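Below is one structure, written out as structure tokens; comments come after it.
The values are calculated or read from the model by the stated rules, or taken from the named source; none is laboratory data. Keep in mind it's a predicted model, so treat the numbers as computed, not measured. Methodologically, a virtual Cβ is constructed for each residue, glycine included, from the backbone with ideal geometry; neighbour enumeration extends over all protein chains shown. With ligands, DNA and RNA removed, areas are computed over all heavy atoms of the protein, side chains included. Shrake-Rupley method; radii C 1.70, N 1.55, O 1.52, S 1.80 Å.
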Amino acid sequence: MKKDIIISGVGGQGILSISAIIGMAALESGLNLKQSEVHGMSQRGGDVQANLRISSDTIYSDLISHKRADLILSVEPMEALRYIPFLSPDGWIVTNITPYKNIPDYPDEEALFAELKKHKNLVLVDADKIAKECGTARAGNIVMLGAAAPFLDIPYEMLEFGIKKIFGRKGEDIVNINLKAFKAGVDVSEKVIAAQR
Amino acid sequence: MEKLLLLGAEAIAQGAIDGGVSGVYAYPGTPSTEITEYVQDSEQAQQKNIHSQWSANEKTAMEAALGMSYSGKRAMVCMKHVGLNVAADAFMNSAITGINGGLLITVADDPSMHSSQNEQDSRYYGKFAQIPILEPTNQQEAYDMAYFGFRLSEELEVPVMLRITTRLSHSRSGILRKEEVPQNELTLPKDLKQFILLPSIAKKRYKKLVEARPKFEESSANSEYNRFIDGPNKKLGIIACGITYNYLMENFPDGCEYPVMKIGQYPMPRNRIAEFEEKVEELLVLEEGYPMIEELLAGYFRKGKTVHGRLDGTLPRIGELNPDLVGKALGFEVPEQEDVPDIVVPRPPSLCVGCGHRDAYSALNVALEDYGDGHVFADIGCYTLGALPPYESINSCVDMGASITMAKGAADAGLHPAVAVIGDSTFTHSGMTGLLDAVSENTPITVIISDNLTTAMTGGQHSAAENRLESICEGIGVDPDHIRVVVPHRKNHDEMVKMMKEEFEYKGVSVIIPRRECIQTLARKKRNKVAGKRV
């Protein structure tokens, strides 16, 4: 088993927490992993990404090669496109649809989604809306984690274990909201996958 | 032992803790900050009473670590590559004093300048100081090298450099821990004159350092970190330093067809490299940073065997390597790189919405309108982002503290007004001495210390300037009437503009302190409060 995943977004959107949960689940599943992150200046509202590599074999490089990523998981739609050069021809894009506009020249949304839709393996997730329905707008990243889950080859229980571990100290209610958000994300992707079959 | 998921930086911290360190000294700097933060947050380190508070700058950190080593205990000092420039005086001389307790100097380089002003290669400093260098390939080696580094330092009786790069520092992987080594007891050096670098003693110590060179090479030759891996195809021999070994192996999932010499400890083991060179027709050197080894092996006139690398164009001369670049250097067909779609626009970092630096720059831009462009010397920190739109307020960013001294030099040349913009933590790091220069000559400069009560750019570490700025400036000799504090806020915009204009016209040193807490640290404190954690 081998999965190369790029997680992208804007500094401050919390992509590292998604990465951390997947990492924890991979380690618990006895898999090897390397997870390269961006710290420092870019975290101030710049574009950020994490390279997450999971494998049952030895992983050498911390970085993913061009055209090798199995999945781009993005919490922001334009940021998903920034890493297209890394996506493998059969790779999937799973992205949140809410733009984060902290720049004056943010592209036209219609054109942006037209560009995204050029990729057949695409899951668009209204993570903010789904998160609110689950109980808190702050669970958007966990919705995205759920939407990525069907592409990870890691048992859902392991990812749920990661969620419980990360949110455990915040109390049972928060854990349950996030588990619900996770499941809601899973459902979005499973529907898209089923429709493609 | 348990397996931990750690960043390379954290692996070094854990390795040092388990390896018996008694004190970690550092000033924050990307990509090295997480080493010290990990020690600060480690319960194990607290139980062992390991020192981990931030130092004022890298030089004070280096010296404190040397003092701990003098006292027989193991110490580690951590910094980013340019921090070593600040610590260089102490660093170079520590090679001559030698050590008592093991001393590890951990330096994190930033090739491709993700968060830095340059991409200098710290291995040159190690070579310059003539001390051994360790360079890990992965997170496990980072742990192991920190763990064993103290012993190596004690065995060779010199400080040892541990060199990493951004990619290793900020990448997580599973780490297997080792048995904890107890800390050293307080023990003074056998020779109480060892650390006195008076010329008569320094000469002897320096001779000892130079004469130890064969011992260092022997240690490298026997090091498990310098490994020969044979391959059937002798047309090429590959020397892979540190993390580049990963990029090489990424291209050979079933093993490399060429003989490989993996390098993780310097000085290079001369005999083993010579043997390696004999076996192969040509050489390819993979190294992160400058082409240091390539230059050494190729020689100035390139008369020996052909050596490929960054200098002959096989690899790019600048920037960090990756599996694709190494694959291309090996002659593999790397898939044609698809372009980022045109619709994607750059998203540079920017000052946070609500940040006090924004208000300071808004006021500064207005206050300077009558004087024209080109008057502002800035420094290293979040406020360097004032270089970008919409503010475009600043005209320099060179090194920690340079704002004040460059403003002074410009004022000496006749520029008026000459304005320095510096952060609170950068001011106590390296701004204070420059301010003293200006005060000594009563140079007409205006220093804006944009105080957000933290070391913000690196993630909100404690600032040594906290509650001290006014008294420091007064102590240095700035006239108290010209030390002015204001809350940088939209509602105080006019007040700030007026204050700045007044101080620009003062014919002496003035200091303006716009002070408001960093909104990131403020938000974090609120979050922690909700979660019931210590603030």
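Worth pointing out:
- Binning the alpha carbon pair distances of the protein assembly as shown at 20 angstrom intervals from zero yields the distribution 16, 46, 34, 4, 0, expressed in whole percent.
- Ranked from largest to smallest solvent-accessible area, with a 1.4 Å probe on the protein heavy atoms, A:118, A:164, B:48 come out as A:118, A:164, B:48.
- Cut-off 13 Å between beta-carbons: net charge of the residues surrounding residue A:141, Lys and Arg +1, Asp and Glu -1: -1
- Area buried, chain A against chain B - accessible surface, total, 1.4 angstrom probe, square angstrom: 4200 Å²
- Ignoring lysines fewer than eight residues from residue B:529 along the same chain, the ones with Cα atoms less than 18 angstrom from its Cα are A:170.
- Accessible surface of residue B:466, taken over heavy atoms with a 1.4 Å probe and every protein chain present, rounds to 70 Å².
- For residue B:501, the aspartates and glutamates whose Cα comes closer than 14 Å to its Cα, not counting residues fewer than 8 places off in the same chain, are B:369, B:370.
- Residue (of A:52, A:73, A:92) at the positive-pole extreme of region A:2-196, dipole from beta-carbon charges: A:52
- Distance-filtered residues of region B:480-515 - backbone nitrogen under 13 Å, label point 7 angstrom along residue B:370 Cα→Cβ: B:497-506
- A viscosity of 0.692 mPa s and a temperature of 37 °C, combined with the Kirkwood radius over Cα pairs in Stokes-Einstein, give a translational diffusion coefficient for chain B of 131 µm²/s.
- Inter-site label distance for residue A:196 and residue B:48 at 7 Å from Cα along Cβ, in nm: 4.8 nm
- Length-normalised contact order for chain B - Cα pairs under 8 Å, 6+ apart - percent: 11 percent
- Taking label points 7 Å from Cα along the Cα-to-Cβ direction, residue A:170 and residue B:527 give a separation of 0.9 nm.
- Given charges at beta-carbon only (K, R positive; D, E negative), |dipole| of region A:2-196 in Debye: 240 debye
- Using the Cβ-Cβ distance between residue B:257 and residue B:345 with R0 set to 35 Å, the FRET efficiency works out to roughly 0.25.
- Rounded to the nearest 0.05, the FRET efficiency derived from the C-beta distance between residue B:336 and residue B:118 at R0 = 35 Å is 0.65.
- Peptide B:107-117, shielding by other chains (average Cβ, 10 Å cutoff): 1
- 30 Å Cα-Cα threshold exceeded, pairs from A:165/B:73; A:3/A:164; A:129/B:525; B:207/B:305; A:120/A:164; B:59/B:207: A:165/B:73; B:207/B:305; A:120/A:164
- Measuring against 22 Å, Cα to Cα, the residue pairs A:2/B:3; A:132/A:191; A:34/A:132 contain A:34/A:132 as the ones spanning a longer distance.
- Mean separation of Cα contacts under 8 Å (6+ apart) over length of region A:12-66, as relative contact order %: 36 percent
- Taking amide H as placed 1.01 Å from N in the peptide plane, the amide H of residue B:461 sits under 5 Å from that of B:455, each at least 5 places away or on another chain.
- Per-residue SASA entry for residue B:78, accessible area with 1.4 Å probe, Å² rounded to 10: 0 Å²
- Hits among lysines - C-alpha to C-alpha of residue B:507 under 21 Å, sequence gap 8 or more where chains match: B:408, B:498
- Which of B:355, B:241 is most accessible, then next, and so on - probe 1.4 Å: B:355, B:241
- Rg/Rh for region A:2-196 (Cα atoms only, Rh after Kirkwood) is 0.94.
- Viscosity 1.002 mPa s, 20 °C: Kirkwood-radius Stokes-Einstein D of region B:214-324 over Cα pairs, µm²/s: 152 µm²/s
- Paramagnetic label zone (point 7 Å from Cα along Cα-to-C-beta, residue A:136; backbone N under 14 Å) in region A:151-193: A:163-182
- A crude spin-label estimate for the pair residue B:387 and residue B:489, with each label 7 Å from Cα along the Cβ direction, gives 3.2 nm.
- Remark on residue B:55: its backbone amide H falls under 5 Å from those of B:26, B:27, a criterion applied only to residues 5 or more positions apart or on other chains, H modelled at 1.01 Å from N.
- Principal axis extents of the C-alpha atoms in region A:34-98 (largest first, rounded to whole Å): 35, 29, 17.
- Net charge in the neighbourhood of residue B:150 (other residues with Cβ under 15 Å of its Cβ; Lys, Arg +1, Asp, Glu -1) is -3.
- Within chain B, helix-based [θ] at 222 nm, where runs of 4 or more DSSP H residues each add -39,500 (n - 2.57), nearest 500: -11000 deg cm²/dmol
- Amide H contacts for residue B:511 (H built 1.01 Å from N in the peptide plane; partners 5 or more residues away or on another chain; cut-off under 5 Å): B:447, B:483, B:484.
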